[in-house]
Amino acid sequence: MKHRPVNLNLLSIRFPVTAWVSIAHRLSGVFIFLLIPLLLWILQESITSESRFMHMSESLGRPVVQVGLWFFLGALLYHWVAGIRHLCMDLHIGETKAGGRLGAWMVIVVFLTVCGVIGYWLW
């Protein structure tokens, strides 16, 4: 008789930091991919006429839209930083278990530091 798990609870599995960084990299890529057509449409609408530009300017001034744009920029920044880590791994830098863990923590620290500096600068 085979003893297979009946119900695998993914929330009970403890992922290492490298897995979380990799999963977040993929999710940020999907988020960016889904929002780029919307941003291109906003750009297209804003350059068609002066009245459409004014309308898009007012729309982009709404808090909900600004929060969405900040999430997009945050996802873009995170994806860029994590992508550099993956490029380094393609060059055989940080391929060991310890190197991968250090690289994952570096992605988190660099992302949070840059977000903090930008937030402080814009505040």
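The values are calculated or read from the model by the stated rules, or taken from the named source; none is laboratory data. On a predicted model such as this, the values are computed, not experimentally measured, just so you know. Positions of Cβ are backbone-derived with ideal geometry, glycine not excepted, and every protein chain shown enters the neighbour counts.
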Q: Just name the residue that is nearest to TRP105 (Cα to Cα) out of those in segment 8-31 that are assigned to a loop (DSSP other than H, G, I, E, B) and touching a helix residue (DSSP H, G or I) at 6+ places or on another chain (Cβ under 9 Å).
A: PRO16
**Q.** Among residues of segment 74-119, those that are surrounded by fewer than 13 Cβ atoms within 10 Å (Cβ to Cβ) and over 19 Å from ALA19 (Cα atoms), counted
**A.** 5
Q: Scan segment 32-45 and give yes if some residue there is surrounded by 10 or more Cβ atoms within 10 Å (Cβ to Cβ), in contact (Cβ under 8 Å) with a residue 60 or more places away in the chain and closer than 29 Å to PHE111 by Cα, otherwise no.
A: no
Q) Out of segment 66-123, which residues are of a type in the set (S, T, N, Q), under 30 Å from PRO37 (Cα atoms) and out of contact with any Leu (no Cβ under 8 Å at 6 or more places or on another chain)? A) THR113
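Give ARG26, ARG14 a once-over and let me know the one that is modelled with pLDDT of 95 or more and either out of contact with any Asp or Glu (no Cβ under 6 Å at 6 or more places or on another chain) or of a type outside the set (S, T, N, Q) (or both). Outline the logic, then answer.
On the way: ARG14 fails: modelled with pLDDT of 95 or more.
None of the other options fit; the residue is ARG26.
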